[in-house]
Every structure is written in structure tokens, then in C-alpha cells.
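Heads up, the thing below is written out as C-alpha cells.
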Amino acid sequence: MEINARTENVTRYFRFLNYWADQPSFLDTIKGCWNRSVEGDPMWIFHQKMKRMAATLSSWSRMQFGDIYAKVKDYEERVKQAEENLKTQSQWFKEGDANSKYFHALIRGRRRRLFIQKILNDNGDEWIQGDEQIAEAACEHFQDIFIGQSSIIDEEPLNCISRMVTQA
């Protein structure tokens, strides 16, 4: 069975953006486009020049400013995220420290996010799972650090740092 998704051709209409007129290269772009010759009766010439102008300004805008519609969408998404953060903060101020459903939902989410399900062993070749095994691996790791052999500190890189404190 085949399903062919129909893609309808959506006609994108030209939109003139007012800030284009403030750009230094705008008039030169229009003059260059408008002064190119077109053959035919006056209405046909006008129509072709307007059509060419729309295409030229669209490509000029993409070259000068990039995809402004994608930028607008990105900024709208950022504003939406900032508004969501403000709503969350205001809800926290209202219900945060209270012993509320909202508070407990936040705590459950935080516990879920911070829960350690598995870790790599010291060699980095095996995953350790389970609470007891993870606790045992953590104890062994820190015992090796604190009880193990003392490492020799190479003082040569420290000689590159100038002394700021002197003995009196």
C-alpha cells in the first residue's frame, strides 16, 4: 500500500517591509532592477518590472538580513519561553513553600531528574546499576582518592606563575 502525501503549492505573496527603505543599498537595488529593459506594451512592461522587483527585493533581503521570518519565529519562541519562566516563578512565589500539590510535583520532578540510574566504573568499560552497587562503587572510588597513593605534584608549571605574595 502506498500513501502519497499531496503537497499543495502555496503561493507566497510579496510583502514590502518598511525597514528596507532605510537601508543604504535599497535605492541602488531598485534603480538597477527598474532600469533593465523589457519589451511589450506599457501594461506588460509595468507588470514584468513589478514582478522582477518583487523577486529582486526578496533575494536582496535574504542576502542582507537572512531569513527574517525564521528570526521572528525564533524571537517569538524566546518570548514565549521567558513568559513561561515568569509564570513558573510567580506560581512558585504563590505556592512554592506551601505544602501544596505544585510543590510536591516540583520535588518529584527534581528527584527524578537527579536520580542516578547507572554509572561507569573507574576503567570506563562497564556500567554499574542498582543502588547498592552504585554506593559501593562510589565508596571505593573515594577511598582510592583519599587513602590511595599520594600523587607527585609537578611544580614546573607553577614556576611560570609570578609570585604575588612575598615573605616579610
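Every number in this text was worked out from the coordinates using simple rules, so none of it is lab data. Note that the coordinates shown come from a computational prediction; the quantities given were computed from them, not determined experimentally. Cβ placement follows ideal geometry from the backbone for every residue including glycine, while neighbour counts extend to all protein chains displayed.
Computed quantities for the displayed model
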| quantity | calculated |
| --- | --- |
| Degrees separating the helix 131-147 axis from the principal Cα axis of the chain, which is the longest one | 70 degrees |
| Shape call, region 69-114: gyration tensor on alpha carbons, a/c limit 1.5 | oblate |
| C-alpha long axis of helix 68-95 to longest principal axis of the chain, angle in ° | 40 degrees |
| Cα gyration tensor, the chain - rounded (a/c under 1.5), prolate or oblate | prolate |
| Using a Förster distance of 25 Å, the FRET efficiency for D144-L114 (Cβ separation, nearest 0.05) | 0.55 |
| Inter-label distance for R12 and E136, nm, one decimal - labels placed 7 Å from Cα along Cα-to-Cβ | 6.2 nm |
| The chain: angle of helix 101-114 to the longest principal axis, Cα-based, in degrees nearest 10 | 80 degrees |
| Relative contact order, percent, the chain [alpha-carbon distance under 8 Å, six or more residues apart] | 9 percent |
| Under 14 Å, Cβ to Cβ, from Q143 - net charge with Lys/Arg +1 and Asp/Glu -1 | -4 |
| Cleavage-rule hits (trypsin sites (Lys or Arg not before Pro)) in region 6-38: DSSP loop, at most 15 neighbouring Cβ within 10 angstrom | R6, R12, R15, R36 |
